[in-house]
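Below is one structure; the comments refer to it alone.
The values are calculated or read from the model by the stated rules, or taken from the named source; none is laboratory data. Predicted model, so just to flag it, every value in this text is computed and none were measured. Here the Cβ positions follow ideal geometry from the backbone for every residue, glycine too, while neighbour counts run over all protein chains shown.
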């Protein structure tokens with residue numbers, strides 16, 4: 001027996017049409033490279049995205065053609081998010097922080113046809129331009145008046161030529177709408193292609209009260225990049241709900257970010273932990289300068305957030321929410337919020353739970369798998385986290401990597417996790433970052449989060465270094481806060497309050513900065529390479545387990 005329901009496809013076009021009709025005067029604020037602020041509305045977004053759609057059709061775009069972007073977080077990027085997939089083409093956001101050779105590889109592998117590029121990023125484009133084949137390149141110039149490079153066209157002129165009346169094709173919801181490549185820390189970057197359906201369902205999911213609780217009453221500032229993993233879905237969900245949106249451009253320095261958060265009365269923002277650690281440092285250095293919206297929700301993801309972030313923002317009346325996801329999961333797959341019966345738990349237990357990655361989103365399934373199969377949800381037994389669901393990738397674009405998916409259709413994330421009886425996922429490490437010492441596993445993530453809780457530590461990474469006796473031992477690489485002083489003995493004693501002596505790093509190296517990937521994650525592969533010849537001193541031998 002079939003239902004009596006309409007078969008109405010879930011399309012991104014429905015989202016932007018809704019915003020233009022129901023929230024036409026709601027603002028979209030963009031910070032420009034020259035320090036100015038540009039303001040437009042959802043009425044403008046609707047009009048200009050339609051202009052882009054019509055212009056692409058006039059340029060003979062075909063369904064499935066890729067239109068690449070090399071752009072910061074700004075209103076023009078938002079209109080591309082909707083204008084390109086509305087006519088059946090695919091918006092392909094390029095990670096501008098990658099090496100030019102990697103960008104060229106991605107453009108060629110994706111077979112991009114057109115490129116839309118910010119004028120301020122033309123220097124990046126010129127570095128890979130000789131190595132790619134693009135039919136047309138459109139430059140967003142923000143009215144600078146500078147002459148365009150040879151072979152490039154004005155983006156605004158292109159829009160004006162389109163007429164603004166596109167002929168929307170009848171699209172299926174499972175057709176491609178957007179694509180993004182993984183950051184390629186291991187092997188070549190891999191392409192993930194998102195369907196209209198996946199993006200629409202993801203937007204609905206993260207809007208739920210028990211997820212990120214997004215509504216038209218919010219002012220949303222995505223401090224994560226629109227060129228990677230859909231800015232965690234914030235632009236789609238904010239547009240769907242008619243939120244005022246604040247797009248910070250390229251300046252994510254803590255003072256500039258705090259000014260935007262304050263001046264625009266932002267109620268929901270998000271970004272990687274390094275951004276918020278820098279913000280906390282600025283707030284500590286200049287107490288009272290910024291008055292942020294009470295109850296501001298700060299979504300922290302990209303790598304596990306230390307418990308200290310939750311405690312420090314709580315003291316300021318601001319709320320941190322930690323989700324988890326990856327490029328392959330569109331990207332959010334779990335979100336951490338307390339269940340009602342947990343509100344009366346002791347404070348330390350509540351913080352310990354909030355620092356987990358949370359429960360799976362609706363329609364997302366999770367499991368943890370060890371050498372002997374699926375492990376119990378006991379909060380203790382660790383295994384590789386595997387996921388599946390309607391916005392989880394089932395393959396990579398033009399790449400056969402069958403070992404990334406199990407025979408029964410689960411995505412192997414490469415993250416090591418426990419799942420407790422309440423369904424809360426806790427990442428304990430990446431498979432490749434676990435430290436095996438004397439036959440026992442040590443979590444580098446737990447050690448890093450503990451180190452960052454020290455008042456003198458700005459950032460820390462813990463890596464495995466080969467050891468003649470113990471196979472591997474942990475080495476801590478530490479960045480101190482400006483003006484702070486601390487030695488290895490003090491940090492070792494600090495960690496021994498929470499960890500057994502055999503789990504504590506044998507050595508601490510102090511550096512001015514740590515390497516990061518283009519998306520802000522710690523680049524441990526570079527640290528492992530740098531310290532692969534490390535020689536342990538005799539007095540640094542670890543204590544025996546249980547000592």
Check your understanding: What residue, among those in the range 330-370 that are farther than 29 Å from residue 192 by Cα and in contact with a strand residue (DSSP E or B) (Cβ under 8 Å, 6 or more places away or on another chain), is surrounded by the most Cβ atoms within 10 Å (Cβ to Cβ)?
Key -> 354
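Quick grid of which residues meet (1) in a loop (DSSP other than H, G, I, E, B); (2) closer than 22 Å to residue 455 by Cβ; (3) free of Cβ contacts under 8 Å to residues at least 40 places away in the same chain:
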| residue | (1), (2), (3) |
| --- | --- |
| 466 | no, no, no |
| 469 | yes, no, no |
| 486 | yes, yes, yes |
| 490 | no, yes, yes |
| 508 | no, yes, yes |
| 512 | yes, yes, yes |
Study note, to complete from the structure: From the option list 132, 139, single residue qualifying as touching a strand residue (DSSP E or B) at 6+ places or on another chain (Cβ under 9 Å) and buried (at least 22 other Cβ atoms within 10 Å of the Cβ) is 139
Point to revise | Boolean, residue 464 is at pLDDT 90 or above and surrounded by 13 or more Cβ atoms within 10 Å (Cβ to Cβ) | key: no
Check your understanding: Does the range 140-149 include one or more residues that are touching a residue at least 12 places away in the same chain (Cβ under 8 Å) and under 24 Å from the mean Cα position of the chain (by Cα)?
Key -> no
Review point. Yes or no: residue 373 surrounded by fewer than 19 Cβ atoms within 10 Å (Cβ to Cβ), within 20 Å of the chain's Cα centre (by Cα) and not assigned by TED's automatic domain parsing to the domain that holds residue 90?
Key: no
Point to revise | Flag for residue 376 being part of a loop (DSSP other than H, G, I, E, B) and closer than 21 Å to residue 356 by Cα | key: yes
Check your understanding: Taking the stated definitions as given, is residue 476 buried (at least 18 other Cβ atoms within 10 Å of the Cβ), free of Cβ contacts under 8 Å to residues at least 40 places away in the same chain and in contact with a strand residue (DSSP E or B) (Cβ under 7 Å, 6 or more places away or on another chain)?
Key -> yes
Point to revise | Matching option when the condition is touching a strand residue (DSSP E or B) at 6+ places or on another chain (Cβ under 8 Å) and under 17 Å from residue 526 (Cβ atoms), among 452, 465 | key: 465
Review point. Quick check: is even one residue across the range 295-304 part of a helix (DSSP H, G or I), in contact with a strand residue (DSSP E or B) (Cβ under 7 Å, 6 or more places away or on another chain) and assigned by TED's automatic domain parsing to the domain that holds residue 390?
Key: no
Exercise for review: Go through the range 40-71 and count every residue that is in a strand (DSSP E or B) and either assigned by TED's automatic domain parsing to the domain that holds residue 397 or under 13 Å from residue 116 (Cβ atoms) (or both).
Suggested key: 5
Check your understanding: Among the strands (runs of 3 or more DSSP E) confined wholly to the range 187-250, which include 3 or more residues that are modelled with pLDDT under 95, more than 12 Å from residue 268 (Cα to Cα) and assigned by TED's automatic domain parsing to the domain that holds residue 322?
Key -> none
Check your understanding: So is residue 58 under 26 Å from residue 132 (Cβ atoms) and either surrounded by fewer than 22 Cβ atoms within 10 Å (Cβ to Cβ) or free of Cβ contacts under 8 Å to residues at least 24 places away in the same chain (or both) or not?
Key -> yes
Point to revise | Test for residue 525: is it closer than 30 Å to residue 94 by Cα, surrounded by fewer than 17 Cβ atoms within 10 Å (Cβ to Cβ) and at pLDDT below 90 | key: yes
Practice item. Mind listing whichever residues of the range 492-506 are within 26 Å of residue 279 (Cβ to Cβ) and in a loop (DSSP other than H, G, I, E, B)? Key: 498
Point to revise | Exclusive hit being under 25 Å from residue 21 (Cβ atoms) and at pLDDT 95 or above, set 104, 68, 59, 89 | key: 89
Check your understanding: Looking at residue 482, is it surrounded by fewer than 14 Cβ atoms within 10 Å (Cβ to Cβ) and modelled with pLDDT of 90 or more?
Key -> yes
Study note, to complete from the structure: For the range 384-441 the number of residues that are assigned to a helix (DSSP H, G or I) and either assigned by TED's automatic domain parsing to the domain that holds residue 499 or within 22 Å of the chain's Cα centre (by Cα) (or both) is 4
Check your understanding: Residues that are under 18 Å from residue 72 (Cα atoms) and touching a helix residue (DSSP H, G or I) at 6+ places or on another chain (Cβ under 9 Å): which strands (runs of 3 or more DSSP E) entirely in the range 85-168 hold 2 or more of them?
Key -> 90-93, 112-118, 136-140
Practice item. Could you please find all residues in the range 19-48 being surrounded by fewer than 17 Cβ atoms within 10 Å (Cβ to Cβ), in contact with a helix residue (DSSP H, G or I) (Cβ under 7 Å, 6 or more places away or on another chain) and closer than 14 Å to residue 239 by Cβ? Key: 24, 43
